[in-house]
Each structure stands twice: as structure tokens, then as C-alpha cells.
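> Okay, here's the structure, questions in a sec.
The values are calculated or read from the model by the stated rules, or taken from the named source; none is laboratory data. Small disclaimer: the values here were computed from a predicted structure and weren't measured. Backbone-built Cβ (ideal geometry, glycine too); neighbour counts: all protein chains shown. When the accessible area is computed, the model is the full protein with side chains, heavy atoms only, and any ligands, DNA or RNA have been set aside. Shrake-Rupley method; radii C 1.70, N 1.55, O 1.52, S 1.80 Å.
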Amino acid sequence: MRAEALAAQGYCIEDEFLDAAEVEALLECLYLRRDRGEFASAAIGAGRSLQQRPAVRGDATCWLKEPIEAAERALLQRLENLRLELNRTLFLGLLDIEVHYASYPPGARYVRHVDQPQGRNQRQLSLVLYLNPDWNELDGGELKLYESDGRCHEVVPKGGRLVLFRTEGREHEVLAARRERLSLTGWFRVRSA
């Protein structure tokens, strides 16, 4: 189903990619990393033009790096299996993944943007995996995916939900939430052309 949806519409949404216990275990990892001071205010741009602009992007991020906790290792293995599945079914040539935690405080957002830095093409598929238990639509924080014809789709950041979308040219934004919005965000990548 993932491959068919990605091929047909350029994105797919899978509820319960993680169960409640897996979400809770990853939240514990996130809080541990936060306590260790591993989160930093997110920036936009690349290279020398990298800058923090909270009105544009208001989250804090923490890249998944050593030491890797057991729940994170299990997730990375699942994402590796997903990479292999997508390569088998869609022949994408995905080589690896980069992933980070993202924490949006209440009221923070990320304005409409694309995930592919200008002049680079390694990121092929974007992914968002939500870690928000007991989230409801009134909490806000939706991911808004834009179509080239002007239509858009809003995805509620419900815990355990996985969103995959083709990175190239896909404009999207994170709407402000009424409570902290937590996720793992990343990209399946290919070799640079």
C-alpha cells in the first residue's frame, strides 16, 4: 500500500506505524536527550547562509546520533526495512536515512517550504513519525502538504502515524499547535548526482 500510494499521489499516510508502547519508549529517549542538552534551535538555509529565524521555523531539533538507545535502534531497523521495501517496489536507489527529533512548543510553526536544499538532490523521500500520544484535531499542529494544482492535504500529528512524501518540489508546512508537538523527521537519501 505504501508503494502504491507513493507512486500514485506522491505521499502516503500510515496510522499505527508505531504502537502506543513504541511511541512511549521513543518519547523517553527524546526526554533523555533533552535532559542531556542535545536539542538546539532549528535553522534554515545551508552552509554559510544557515540562520535561525523563529518566525519562519520555531522548532528545536536533535539529530539521532550515538549513544543510540534501544528504542531508537529498533526504530532505525524498522526504517532500514522500509528503505529496502521501497527500493524493491519502487526502484528508488535509496542508500541511507538521516533523522532527527523535532519539538515544536505551543504556537511554533514552520512556514511553507521544501526539504530539498537548493542545488542538492540527495533527499528523495521525506518522513515524519509523530510521537504525540492522545492528540486530537483541536490541538492543531497539522502538516499541510501542497499539490502543484493548489489543493492541499492536512495531516493531524497523531502518535504513531507515519507520513512519507516525495521530497523534490513538495511544498509543505507545519501549522501552529496549542500544545507541544513532537516527532521524528528525516529523509531517505540517494547518492549525490
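> Residue 54 passes all but one of (1) open to solvent by 70 Å² or more (accessible area, probe 1.4 Å); (2) in a loop (DSSP other than H, G, I, E, B); (3) free of Cβ contacts under 8 Å to residues at least 40 places away in the same chain; which number fails?
Here residue 54 meets the rest and fails (3).
> Is it the case, given these coordinates, that residue 44 is among the hydrophobic types (A, V, I, L, M, F, W, C) and either touching a strand residue (DSSP E or B) at 6+ places or on another chain (Cβ under 6 Å) or touching a residue at least 60 places away in the same chain (Cβ under 8 Å) (or both)? Please lay out each step first, then the result.
Working: among the hydrophobic types (A, V, I, L, M, F, W, C): yes; either touching a strand residue (DSSP E or B) at 6+ places or on another chain (Cβ under 6 Å) or touching a residue at least 60 places away in the same chain (Cβ under 8 Å) (or both): yes.
Answer is yes for this residue.
> If you don't mind, there's one more thing I want to ask. Criterion first (surrounded by fewer than 18 Cβ atoms within 10 Å (Cβ to Cβ) and touching a residue at least 60 places away in the same chain (Cβ under 8 Å)) does residue 96 satisfy it? So that I can check it myself, show each step before the final result.
Details: surrounded by fewer than 18 Cβ atoms within 10 Å (Cβ to Cβ): yes; touching a residue at least 60 places away in the same chain (Cβ under 8 Å): yes.
Judged against the criteria, residue 96 is a match.
> Mind checking which strands (runs of 3 or more DSSP E) fall wholly inside the stretch 71-178 and carry at least 2 residues that are in contact with a Phe, Trp or Tyr (Cβ under 9 Å, 6 or more places away or on another chain) and under 24 Å from residue 25 (Cβ atoms)?
96-104, 123-130, 162-166
> Name the residue, out of 110, 101, that is touching a helix residue (DSSP H, G or I) at 6+ places or on another chain (Cβ under 8 Å), of a type in the set (Phe, Trp, Tyr) and within 28 Å of residue 5 (Cα to Cα).
It is 101.
> Among the listed residues 136, 132, identify the single one that is out of contact with any helix residue (DSSP H, G or I) (no Cβ under 6 Å at 6 or more places or on another chain), of a type in the set (S, T, N, Q) and free of Cβ contacts under 8 Å to residues at least 24 places away in the same chain.
None of the other options fit; the residue is 136.
> A follow-up question, please. Out of the residues in the stretch 10-42 meeting the condition of being open to solvent by less than 30 Å² (accessible area, probe 1.4 Å) and part of a loop (DSSP other than H, G, I, E, B), tell me which one is farthest from residue 72 (Cα to Cα).
10
> Return yes when residue 130 is open to solvent by 20 Å² or more (accessible area, probe 1.4 Å) and of a type in the set (Ser, Thr, Tyr) and no when it is not.
Numbers: open to solvent by 20 Å² or more (accessible area, probe 1.4 Å): no; of a type in the set (Ser, Thr, Tyr): yes.
So residue 130 does not fit the description; no.
> Counting only residues that are under 14 Å from the mean Cα position of the chain (by Cα) and within 27 Å of residue 6 (Cα to Cα), which one in the stretch 60-93 is most open to solvent (accessible area, probe 1.4 Å)? Break it down stepwise before answering.
So in the stretch 60-93, the residues under 14 Å from the mean Cα position of the chain (by Cα) come out as 60-64, 75-76, 79.
Subsequent filtering for residues that are within 27 Å of residue 6 (Cα to Cα) retains 61, 63-64, 75-76, 79.
Details: 61: 20, 63: 109, 64: 32, 75: 7, 76: 53, 79: 3 Å².
Among those that are under 14 Å from the mean Cα position of the chain (by Cα) and within 27 Å of residue 6 (Cα to Cα), it is 63.
> Based on this model, can you work out whether residue 38 counts as out of contact with any strand residue (DSSP E or B) (no Cβ under 6 Å at 6 or more places or on another chain) and on the phi < 0 side of the Ramachandran plot? Break it down into steps so the answer makes sense when it comes.
Working: out of contact with any strand residue (DSSP E or B) (no Cβ under 6 Å at 6 or more places or on another chain): no; on the phi < 0 side of the Ramachandran plot: yes.
No; evaluated as a whole, the condition is false for this residue.
> Residues that are charged (D, E, K, R), under 16 Å from the mean Cα position of the chain (by Cα), modelled with pLDDT under 95 and more than 22 Å from residue 79 (Cβ to Cβ): does the stretch 165-175 have at least one? Explain how you work it out, then say what you get.
Step one: of the stretch 165-175, the residues charged (D, E, K, R) are 166, 168, 170-171, 173.
Filter again for under 16 Å from the mean Cα position of the chain (by Cα), leaving 166, 168, 170-171, 173.
If we keep only those that are modelled with pLDDT under 95 as well, we get 166, 168, 170-171.
Applying the additional criterion that residues be more than 22 Å from residue 79 (Cβ to Cβ) yields 171.
Yes, the stretch 165-175 has at least one match.
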